[in-house]
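Peer 1: Below is the structure I would like to discuss, written out as structure tokens.
Where a number appears in this text, it was derived from the coordinates with a stated rule and is not lab data. From a predicted model like this one, the values you see are computed outputs, not experimental measurements. Please note: Cβ atoms are built from the backbone with ideal geometry, for glycine as well, and neighbour counts cover all protein chains shown.
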Amino acid sequence: MNRRTLMTCLTTWALAPKSHAATEAKMNEFSALTDAQWRARLTAPQYQVLRQQGTERAFTSALNAEKRAGTYHCAGCQAALFNSAMKFESGTGWPSFHSALPGVLDTRTDFKAVYPRTEYHCLGCGGHQGHVFNDGPPPNRKRYCNNGVALTFVPV
């Protein structure tokens, strides 16, 4: 890492919003759940991703190969996040979407990989879904790289 990259990372971190008021304001009854209640409600892999911002191993989710028409919901609160028309094959090993349904996600900057990335969360329960990158298909060039374990699929 050179000095310019380090300074960019530090500046981005320093200027990143520290309050997540948008997420907190829109959370419903799920915000009152205790950690023990979340653990009882979710499988161990779902808990690790949704509540601890983990990442599942690439190419392990059955949803990566899902081709049917339907809607992808948050596994934590069942809020609809994506529809099947938004999904595309990214080759990354995780379900990927070029856009999300309006008003269902909140983003924040994370530095877990040293450099800044944009992670996104379900507004319904605050559950971590994945990261959004600027290398997707036209027209918006977005790739919402989602952990399959953080989703449930409801076919049409």
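Peer 1: Relative to 2.2 N^0.38 Å, what does the C-alpha radius of gyration of the stretch 32-85 come to as a ratio? Two decimals please.
Peer 2: 1.27
Peer 1: Something else about it: Mind listing P(r) for the stretch 90-156? All alpha-carbon pairs, 5 Å bins, whole percents.
Peer 2: Final binned percentages: 4, 16, 25, 29, 19, 7, 1, 0, 0.
Peer 1: Under unit Cβ charges (Lys, Arg +1; Asp, Glu -1), what dipole magnitude, rounded to 20 debye, does the stretch 90-156 have relative to its Cα centre?
Peer 2: Values: 6 positive and 4 negative charges, 24 e Å.
The calculation lands at about 120 debye.
Peer 1: Would you order Cys77, Cys145 from fewest to most other beta-carbon atoms within 10 Å of each residue's own beta-carbon?
Peer 2: Details: Cys77 19, Cys145 23.
In order of increasing Cβ crowding within 10 Å: Cys77, Cys145.
Peer 1: Cβ under 12 Å from Leu33's Cβ, Leu33 left aside: what net charge do those residues give with Lys, Arg +1 and Asp, Glu -1? It would help to have the intermediate numbers written out before the result.
Peer 2: Values: positive: Arg39, Arg41, Arg51; negative: Glu29, Asp35.
Here the charged neighbours net out to +1.
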